[in-house]
Amino acid sequence: MHTLYLYTILALFWATLTTTTETTHRTPLQVTFLPPTTNNTPIIVDTFAHPDRNNLGSWHGALEDLYVTQGGNYIELNASDADQTYHSQLSSTTCFDLTPYTTWILHIVYSGPPTFSISMHQNNPSCNPSLSPYPETSDSVEASRYTAKPHWHHWRPKKQKKKDLYIPLSHFTIDHSRVLSISLGNFYPPYTRPIKVHKVELIPTLPRGVKVPKKQPTGELRLRCTRPGSFAFGIDDGIPSLADEVREILESEGVLVTFFVVGAPLRDNKTGFADFYKKMVEGGHQIALHSDGHSK
C-alpha cells in the first residue's frame, strides 16, 4: 500500500485522539500529513492510476460534464466550457490543514495548451459536506503564468513534451487550515486540443533555476452573505420593457440588489440596458457580469 495513503489513514485516526498532543489545537474534523515539514520528500496527491480516487485515498473526478479519458497514470481533459472542472480532494469529508506547508510548492505535470486555471478550494467552517456553502470559497491562478520555461536540454518533440507548473501555496488566498481540494478549471477557447495531466504533488522547494511570477491580487469569492441576518438579492436581466417596472418596485420597497447582467444586450442600443444600469449604479445597486451571451 502506498506510503502516503497510510499517512492519510493514520492522520484520520490521530485527529480523533483526545490526549494532549501537538495536534490538539485542531478540531476533530481537521487532519494534515503526519511527516514533519522538515521531511523533504514530495507529497504525492495524484498520479491518476485509479479512476475514482487519488493517491491519498480521496475522491477525484470531473464536474459540469467535463469529458475525461482515463489513461495509464494520466487523465486527458477535453473541455468545452469554462464552468467545467476536475477536482482532486485532499480529504473527502473533513478540512485538510495545510498551514504547516505554506512555504511549499504545488507542482503539476501536464501537457497541452495552458488554457486553464488552477484553484484551491476552502471547506466551510463546520468542515461538513452536508452544509452550504460547500466549498465555501476558492482562489485561482492562471496556468500560463506559472508554467516553467524548459531548459534547452529539456526540449522534446511537441507531441511528447510535458510541462511543469510550480505554484507557491501562499499564492492561494484562502484559509489553509480548511483546504478541501485542488482543481483544474476555467478552461477557455480554443477547445481544439486536450489537456493531459500526469501528476499533482506538493514539494518543499523550487527546482534550481525555476522562477515563479509575483502573486497577482485577486478578488474574494463569496458564496454566502458576510453580514449576519441578511441575504443576497440577485436579479438576472431579462425583457427590456419590464426594466422600468422592476426599478419602480425596488424604489418603492427601498431595496438594493445586485443585477447579473448579460454583456451582449449592453452593447445593443435598442435594449436601453446600458442607460438603465448606469442609473441603477447611481442609485446604489451593484452590477455583476452574468455572461456575455447567456449560452446556458
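Mind checking which residues of the stretch 223-246 are touching a strand residue (DSSP E or B) at 6+ places or on another chain (Cβ under 8 Å) and of a type in the set (A, V, I, L, M, F, W, C)? Leu223, Ala232, Phe233, Ile235, Val246 - these are the residues of the stretch 223-246 that are touching a strand residue (DSSP E or B) at 6+ places or on another chain (Cβ under 8 Å) and of a type in the set (A, V, I, L, M, F, W, C).
Conditions tested, residue by residue: (1) part of a strand (DSSP E or B); (2) without any contact (Cβ under 8 Å) to a residue 60 or more places away in the chain.
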| position | (1), (2) |
| --- | --- |
| His50 | no, yes |
| Leu77 | yes, no |
| Thr115 | no, no |
| Met120 | yes, no |
| Asn128 | no, no |
| Ser138 | yes, no |
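Using the structure shown, decide if Ala79 is surrounded by fewer than 17 Cβ atoms within 10 Å (Cβ to Cβ) and either at negative phi or not assigned by TED's automatic domain parsing to the domain that holds Lys162 (or both). No; evaluated as a whole, the condition is false for this residue. Just one residue in the set Lys199, Lys270, Lys161, Lys215 is out of contact with any Ser or Thr (no Cβ under 8 Å at 6 or more places or on another chain) and not aromatic (Phe, Trp, Tyr); that residue is Lys270. All conditions in (1) closer than 30 Å to His50 by Cβ; (2) touching a strand residue (DSSP E or B) at 6+ places or on another chain (Cβ under 8 Å) hold for Thr173, with the sole exception of (1). For the stretch 140-163, the tally of residues that are assigned to a loop (DSSP other than H, G, I, E, B), at pLDDT 90 or above and of a type in the set (Phe, Trp, Tyr) stands at 0. For first residues located in the stretch 185-197 and within 11 Å of Tyr86 (Cβ to Cβ) and touching a residue at least 12 places away in the same chain (Cβ under 8 Å), partners that are aromatic (Phe, Trp, Tyr) and assigned to a loop (DSSP other than H, G, I, E, B) and lie 6+ apart or on another chain with Cβ distances below 7 Å form the pairs Gly185/Phe116; Phe187/Phe116; Ile195/Phe116; Val197/Phe48.
Residues checked against (1) among the acidic types (Asp, Glu); (2) farther than 26 Å from Pro42 by Cα:
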position: Ser138; (1), (2): no, no
position: Glu142; (1), (2): yes, no
position: Pro189; (1), (2): no, yes
position: Pro194; (1), (2): no, yes
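Among the residues of the stretch 93-102, the one identified as surrounded by fewer than 15 Cβ atoms within 10 Å (Cβ to Cβ) and either in a loop (DSSP other than H, G, I, E, B) or without any contact (Cβ under 8 Å) to a residue 60 or more places away in the chain (or both) is Thr102.
The values are calculated or read from the model by the stated rules, or taken from the named source; none is laboratory data. In this text, all values refer to a predicted model and were calculated from it rather than measured experimentally. So basically every Cβ, Gly included, is an ideal-geometry build from the backbone, and we count neighbours across all protein chains shown.
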